[in-house]
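Participant: So that we are looking at the same thing, I have put the structure below in structure tokens.
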Amino acid sequence: MNIATSKHNPARTIRRIAALAALVMVATACNPATWGFRESFRNYAAGPIGHGAIEVSDGAVWTDGPGTGKGPFTFPLESSTFDPTDNTGELILGGSFSIKAHENATLGGYVLDMTFSNIRVTIDDTEGILYADVKTRPFEGTNPPALPDFVTYPDAAVAELDLSGVDWTPNADGKYVISDAPAVGIDETMEDIGMAAFYPSPVALDPFSISFDAPTAALTPTLHVSKTTGLVPGETVTVIGTGFDPDANTGNRPPLAGQKSGFYVVFGNFAETWQPSAGAPSSARTVISQRWALPNGSRAAVDPGSTNALYVDLDERGNFVAELTVSENAGTGNYGIYTYAGSGAVNAAQELVVPVSFQAAA
């Protein structure tokens, strides 16, 4: 997972591991997640039928080496959030993996080719959902006349996890443990990525396992950006935020004067000193693409039907997901993903930036 670091001051980088609802768990290298998508599919791709390749990157590890009958994968835990009052939370994982099969030298690539990255898991007591950015080549049989173009499904709901067997009591080491939670593919995504051509619904997937730390009191905003380098104009990036206090900002101008005003999530070209808390004028912030993260009550006030794509939900635990489309402009500032308080509020703690860059011209 390409997780970039957020920072208050462009002159220095601050690594943030944040929480939902003032409850944070710091991820450590000894707490990897284990999942392999589907063992029989790996064996098919890497074995004598698919003659393919399975590749891991960005910190993911193939547990017992490449080859048929091998696997699953482990993924580093970037951050984990959990609220023990209702057993809800989110796990953000590093690492990515690709499954390829049926190489066609004449066409110049693999007929079956899919990559999973930016994996995250939401927890809701007895249920969980595993999400990932999936880049796949539509499967049109093992001998198509031409290789189809890749299609990307950002933040796709890949698998439903059965967490009914999890005891949400920390163990002796102070960790929550999910051990071999059954996983089933979500039909829409299985259809999108071509798995329906191989397996009937419901598609059984590999079980999911992880251990993660119990929470300690803290609340620190964090940004995770799906891609930060080699951007192409028109491309969409996914921004995941955690630890943003939904009660922290009160607007001082319309449309949310006197109300909880959330914050802007922006792709832009900003001056070196851009922060409202530093007195920077709005001219220091050239906004190219923007979303406004709002608590439920405030969003209802400005977008009663929740139909305006400008707004994204900021849940009661300080969590949001936003998508921004990037493009270049003629400015001389710094491209980045920025957050700052909305409706005229000022809050230095939520003024974050993740620098990004575009692909160099050929």
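Participant: Every residue in the stretch 120-135 that is closer than 19 Å to Phe198 by Cα and either in a loop (DSSP other than H, G, I, E, B) or in contact with a helix residue (DSSP H, G or I) (Cβ under 8 Å, 6 or more places away or on another chain) (or both), please. First the steps, then the outcome.
Facilitator: Step one: filter the stretch 120-135 for residues closer than 19 Å to Phe198 by Cα, giving 134-135.
Result: Val134, single match.
Participant: Let me ask something additional. Can you find, within the stretch 13-53, the residue that is nearest to Lys70 (Cα to Cα) among those that are of a type in the set (Ser, Thr, Tyr) and at pLDDT below 50?
Facilitator: This residue is Thr28.
Participant: Working only within the stretch 253-273, note down all residues that are buried (at least 22 other Cβ atoms within 10 Å of the Cβ) and over 13 Å from Ala341 (Cβ atoms). Before the answer, list the steps.
Facilitator: So the first thing to find is which residues in the stretch 253-273 are buried (at least 22 other Cβ atoms within 10 Å of the Cβ), and the list is 256, 260-263, 265-268, 270.
Correct list: Phe267, Gly268, Phe270.
Participant: Which members of the stretch 329-354 meet the condition of being surrounded by fewer than 18 Cβ atoms within 10 Å (Cβ to Cβ) and modelled with pLDDT of 95 or more?
Facilitator: If the condition is that a residue be surrounded by fewer than 18 Cβ atoms within 10 Å (Cβ to Cβ) and modelled with pLDDT of 95 or more, then Asn334, Gly344, Val346, Ala348, Ala349 are the ones that fit.
Table: residues versus (1) among the polar types (S, T, N, Q); (2) surrounded by 21 or more Cβ atoms within 10 Å (Cβ to Cβ); (3) within 19 Å of Leu130 (Cα to Cα).
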site: Phe75; (1), (2), (3): no, yes, yes
site: Ser80; (1), (2), (3): yes, yes, yes
site: Asn87; (1), (2), (3): yes, no, yes
site: Ile92; (1), (2), (3): no, yes, yes
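Participant: The conditions are (1) farther than 22 Å from Glu140 by Cα; (2) surrounded by fewer than 22 Cβ atoms within 10 Å (Cβ to Cβ); (3) in contact with a helix residue (DSSP H, G or I) (Cβ under 7 Å, 6 or more places away or on another chain), and Asp213 fails exactly one of them. Which is it?
Facilitator: (3)
Participant: Within the stretch 167-190, track down each residue that is without any contact (Cβ under 8 Å) to a residue 24 or more places away in the chain and closer than 25 Å to Ile240 by Cβ.
Facilitator: Selection gives Asp187, Met190.
Participant: Of all residues in the stretch 96-135, count the ones that are in contact (Cβ under 8 Å) with a residue 40 or more places away in the chain, closer than 30 Å to Leu147 by Cβ and surrounded by fewer than 16 Cβ atoms within 10 Å (Cβ to Cβ).
Facilitator: Qualifying residue count for the region: 2.
Participant: How about the stretch 254-283: which of its residues are farther than 25 Å from Asn319 by Cβ and touching a strand residue (DSSP E or B) at 6+ places or on another chain (Cβ under 6 Å)?
Facilitator: Keep residues of the stretch 254-283 that are farther than 25 Å from Asn319 by Cβ, which gives 254, 257, 269, 271-273, 278-283.
Answer for the stretch 254-283, where residues must be farther than 25 Å from Asn319 by Cβ and touching a strand residue (DSSP E or B) at 6+ places or on another chain (Cβ under 6 Å): Ala257, Asn269.
The values are calculated or read from the model by the stated rules, or taken from the named source; none is laboratory data. Fair warning: this is a prediction, and the values are worked out from it, not measured in the lab. Here Cβ is always computed from backbone atoms with ideal geometry, including for glycine, and neighbour counts include all displayed protein chains.
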